[in-house]
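Each value in this text was obtained by applying a stated rule to the coordinates, not by laboratory testing. What you see is a predicted model, and the numbers here were worked out from it, not measured in a lab. Don't worry about glycine lacking a Cβ; one is built from the backbone with ideal geometry, like all the others, and counts go over all protein chains shown.
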Amino acid sequence: MHVESPYAPPRVPAVEDARGPEPLSLAKKIRWAFRLAILPFFFVALLIGANALEPHARTLADGLMWIGAVGLMLSLITSSIGGVLGFRTLREGHRMMPPLRGPLYGLAFGATVVGGLSGLISAAYAALIVLMAIGGFSRGRQVRRRGRPQFAPLTVDEAWLGEKRAQNPNAKDDHAAEAWRQNGLTEHASVAAFAALSLELAELGAPPALQKAASEDALDEIRHTELCFGLAEHFDGRPLSPAAFPAGLAYQRSPLPRSFRLAKLAVTSLLDGAIHEGLSARALAELLTLELDPEVRPVIEGIVADEARHAAHGFQVVRWCLKEGGATVAIALHTASQHLPDHLDLSDHPAIAEHLGIPTPQRLRRVYAEVKAKTVRRTARLLAAG
């Protein structure tokens, strides 16, 4: 029979057996759980900083944006791990020594909550990205960089003048020409935007009807560009056209998850499609009730029906994205619909007579309020049905 030596230290139950896990080991787990859970916030801050740097240091901002996006995707996984680890340590911590409760329990609880909400963090990030697309007045779907529309420079060229109009020296109006050239540049940018939409719809697996509509809409925008630049040339006699448009290469394969891309596509389609193109169609349709310049009326008539159809296509894309993307798209759409600007920024809007085909700021503001309210109601019904 074994007899313990009187000089041997007394046996005590192992801490792991008697009181649960080793306190110092458990404290280390809690701290790591908290670090893993809060890691996504660092990359969100990095993305916000990159957006702020964009106007001043584009190359640096692009680098930070890529680092932040990739890092956020990876850190969302660690956030989930941190949430699970925090939950486990909370259970184990019920048998911890009293001195280790308090702040460590707070860390474990924080890791559990933040990690458990990693899916909502993903959706919030999607909403953050797509809300950058909200801006001032636009004639339709645009090529944007960090939310800012991009346009081609002008060059002396007759390539985009369309059907040649008879010159009338009495019709010379530099302000009207400038306004219609600006409209032409937005229509020209929309050609690239719809081409990018076609590629993205194809990659995301959209049904043929949506892909066909996007391609047909791009052809409409080519015709609109020619109409606008031809009318501008009629007013001042200058044969100007859009030059090469490197920024028009709007489509770049995104590393983001499919649900994030669907969320961004849904909100940009809601804004540039349903709202901006709907606004343009409705405001121009109202001008057809006025006594328009004889050269302006056929241009307006050639644009109105197309813009209304583009607006309808935009909302069809919204519906499909919501069906495919689920909760992430729904949160992004709800966030966007609640943060639409109350008023349009029309500080640079040309002040010319409406008979020359440019709606007044007062008309645009009124029509915008009506189109916005209608779109918000439609979006709310769509989300409720989903």
The residues T335, T375, T289, sorted from fewest to most surrounding Cβ atoms within 10 Å, come out as T289, T335, T375
Here the FRET efficiency for T289 versus A327, based on Cβ atoms and R0 = 35 Å and rounded to 0.05, is 0.20
For segment 135-385, just say rounded, prolate or oblate: build the C-alpha gyration tensor, square-root its eigenvalues into a ≥ b ≥ c, call rounded for a/c under 1.5, and beyond that prolate if a/b exceeds b/c, oblate if not. prolate
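How large is the dipole of segment 135-385 about the Cα centre if only Lys and Arg carry +1 and Asp and Glu carry -1, each at its Cβ, rounded to the nearest 20 debye?
1360
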Between A312 and A45, what length comes free when the chain is fully extended (0.36 nm per residue of separation minus the Cα-Cα distance, one decimal in nm)? 92.5 nm
Measuring from label point to label point, each 7 Å out along Cα→Cβ, what is the R377 to R148 span in nm? 3.7
Pseudo-spin-label distance A244 to A209, built 7 Å along Cα→Cβ, given in nm, is 4.1
Which one, A327, P242, A274, projects farthest toward the positive side of the charge dipole computed for segment 135-385 from Cβ point charges (K/R +1, D/E -1)? A327
Non-local residues with an amide H under 5 Å from the amide H of L154, with H modelled 1.01 Å from N and Pro and chain starts lacking one, are A243
How far, in nm, would the chain grow between I222 and R366 when pulled straight, counting 0.36 nm per residue and subtracting the alpha carbon separation? 49.0 nm
Where the centre of each part is set by its Cα atoms, how far does segment 351-367 sit from segment 203-223, in angstrom? 30
Using a basic spin-label model with each label point 7 Å from the Cα along Cα→Cβ, how many nm lie between D342 and E354? 2.5
